[in-house]
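Peer 1: Could you have a look at this structure, given as structure tokens, before my questions?
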Amino acid sequence: MTWCRLVTARVCRWGGDLAQAPKGKAPSFLVYALRDPIGANLDRIQIIKGWLDADGSPQEKVYDVAWSNGRKPGADGKLPAVGDTVDLSIPSWTNTIGASELGTVWTDPDFDPSVRAFYYARVIEIPTPRWKAYDQVKFKLDLPKGILLKTQERAHTSPSGTHRKVSVGTLFFNRFAPGKDDNRLPK
């Protein structure tokens, strides 16, 4: 049996409700992303967890779960920037930083089965020029200070929720449909 068939037989896909977790278990997520063939390399994959606290106020925590270039989180737990290859004089960038693909299995270290939560994955590319940078060069524009000329494109999945207690979730990320998940797997 291929790993794709094994995974799809045993998990909830993004956008679904996760089932009752066995006692003492936290949800695990398989995340995998490929860069767009003509796009920028990938900086990192994040899992975003949201929930309501005891007062009913929305809370959110962002976990960096896979990243490129062998970086390590600092003492503060934050991952250093991937770097920047953008040349605003052309404008262009090079894929000499980042990774063409990233993936991992991540388990929620802060899981509390009594709290309803949702999870979604976000994939972030390395810095690239914004369209304003291309316009600035092509039309020889003198843009006002403060105009952002670089960006890091992002794509995300649909959330999976713990409307019931959580077991396991999975993600198969389709970069060609940013912001949408693709529940179809290769045969």
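The values are calculated or read from the model by the stated rules, or taken from the named source; none is laboratory data. The model shown is predicted, which means the values in this text are computed figures rather than measured ones. Neighbour counts run over all protein chains shown; Cβ positions are idealised from the backbone, glycine included.
Peer 1: Are any residues in the stretch 49-69 under 14 Å from residue 127 (Cβ atoms) and out of contact with any strand residue (DSSP E or B) (no Cβ under 7 Å at 6 or more places or on another chain), and if so, which ones?
Peer 2: Of everything in the stretch 49-69, just one residue is under 14 Å from residue 127 (Cβ atoms) and out of contact with any strand residue (DSSP E or B) (no Cβ under 7 Å at 6 or more places or on another chain), namely 69.
Peer 1: Within the stretch 21-78, track down each residue that is among the aliphatic types (A, V, I, L, M) and assigned to a loop (DSSP other than H, G, I, E, B).
Peer 2: Scanning the stretch 21-78 gives 21, 26, 38, 40, 54, 75.
Peer 1: Moving to a separate point now. Condition first: among the charged types (D, E, K, R), over 24 Å from residue 158 (Cα atoms), modelled with pLDDT under 90 and surrounded by fewer than 13 Cβ atoms within 10 Å (Cβ to Cβ). Can you find one or more residues in the stretch 80-89 that meet it?
Peer 2: no
Peer 1: Among (1) closer than 30 Å to residue 147 by Cα; (2) at pLDDT below 95; (3) among the aromatic types (Phe, Trp, Tyr), which single condition is residue 63 missing?
Peer 2: (2)
Peer 1: Give the stretch 114-135 a look and list any residue that's more than 22 Å from the chain's Cα centre (by Cα) and surrounded by fewer than 17 Cβ atoms within 10 Å (Cβ to Cβ), or say none.
Peer 2: 114, 115, 131, 132, 134, 135, listed by residue number.
Peer 1: Name the residues in the stretch 36-51 that are over 21 Å from residue 62 (Cβ atoms) and either among the small types (Gly, Ala, Ser) or in contact with a helix residue (DSSP H, G or I) (Cβ under 6 Å, 6 or more places away or on another chain) (or both), would you?
Peer 2: Passing the criteria: only 39.
Peer 1: With the requirement that a residue be in contact with a Leu (Cβ under 7 Å, 6 or more places away or on another chain) and aromatic (Phe, Trp, Tyr), what does the stretch 41-92 give you?
Peer 2: 67
Peer 1: Further, regarding this structure: Hey, among the residues in the stretch 70-86 that are touching a residue at least 24 places away in the same chain (Cβ under 8 Å) and of a type outside the set (S, T, N, Q), which one's farthest from residue 125 (Cα to Cα)?
Peer 2: Step by step, filter the stretch 70-86, then rank; the result is 79.
Peer 1: Residues in the stretch 58-77: is at least one closer than 28 Å to residue 117 by Cα, among the acidic types (Asp, Glu) and surrounded by fewer than 15 Cβ atoms within 10 Å (Cβ to Cβ)?
Peer 2: Yes - at least one qualifying residue is present in the stretch 58-77.
Peer 1: Taking the condition of being at pLDDT 65 or above and touching a helix residue (DSSP H, G or I) at 6+ places or on another chain (Cβ under 9 Å), how many residues in the stretch 152-173 meet it?
Peer 2: Looking only at that region, the number is 0.
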